[in-house]
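Q: Would you mind keeping the following structure in view while I ask a few things?
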Amino acid sequence: MSMSANRHAGIRAALCHDAYTAAMARRHNDANVLCLGARVLGVGVAEQVVRVFLSTPFEGGRHQRRVDKIEI
């Protein structure tokens with residue numbers, strides 16, 4: 001799903017399996033679409049991943065240069 005979503009302009013989708021990958025996707029890659037595997041995540045973990053994804057800001061700085069290259 002994330003690979004298909006990333007084909008569209010302005011979309012930075014991330015497949016996240018836990019709170020750590022969700023936080024890093026937001027902090028370092030400025031991900032704006034969250035993809036979750038329904039068969040590999042329980043409801044509790046999925047809720048935690050969504051909460052972390054929505055509450056984590058993008059750090060910018062050195063990571064902004066990489067995101068800018070994606071947007072070309």
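The values are calculated or read from the model by the stated rules, or taken from the named source; none is laboratory data. Note that the structure is predicted; figures quoted are calculated from it, not measured. Because the Cβ atoms are built from the backbone with ideal geometry, glycine has one as well, and the counts that use them run over all protein chains shown.
Q: Could you list, in sequence order, the residues of region 47-62 that are within 14 Å of the chain's Cα centre (by Cα) and in a helix (DSSP H, G or I)?
A: Gln48, Val49, Val50, Arg51, Val52, Phe53, Leu54, Ser55
Q: Restricting attention to region 37-61, report how many residues are buried (at least 17 other Cβ atoms within 10 Å of the Cβ), within 21 Å of His8 (Cβ to Cβ) and not aromatic (Phe, Trp, Tyr).
A: Number satisfying all stated conditions: 0.
Q: Exactly one of these conditions fails for Val67: (1) without any contact (Cβ under 8 Å) to a residue 40 or more places away in the chain; (2) assigned to a helix (DSSP H, G or I); (3) not basic (Lys, Arg). Give me its number.
A: (1)
Q: How many of the residues making up region 30-69 are within 15 Å of Ser2 (Cα to Cα) and at pLDDT below 90?
A: The qualifying residues number 1.
Q: Another one. Would you mind stating whether Val33 is hydrophobic (A, V, I, L, M, F, W, C) and either over 22 Å from Ala9 (Cα atoms) or loosely packed, with under 11 Cβ neighbours inside 10 Å (or both)?
A: So Val33 fails the test.
Q: Something else now. Given the conditions (1) touching a strand residue (DSSP E or B) at 6+ places or on another chain (Cβ under 9 Å); (2) without any contact (Cβ under 8 Å) to a residue 40 or more places away in the chain, which single one is not true for Arg51?
A: Only one criterion in (1) touching a strand residue (DSSP E or B) at 6+ places or on another chain (Cβ under 9 Å); (2) without any contact (Cβ under 8 Å) to a residue 40 or more places away in the chain is unmet by Arg51, namely (1).
Q: Still on this structure: How many residues are hydrophobic (A, V, I, L, M, F, W, C), within 12 Å of the chain's Cα centre (by Cα) and part of a helix (DSSP H, G or I) when one looks only at region 4-46?
A: Selection size over region 4-46: 6.
Q: Separate question: Can you tell which of Arg27, Arg12 is within 21 Å of Lys69 (Cα to Cα) and at pLDDT 95 or above?
A: Arg27
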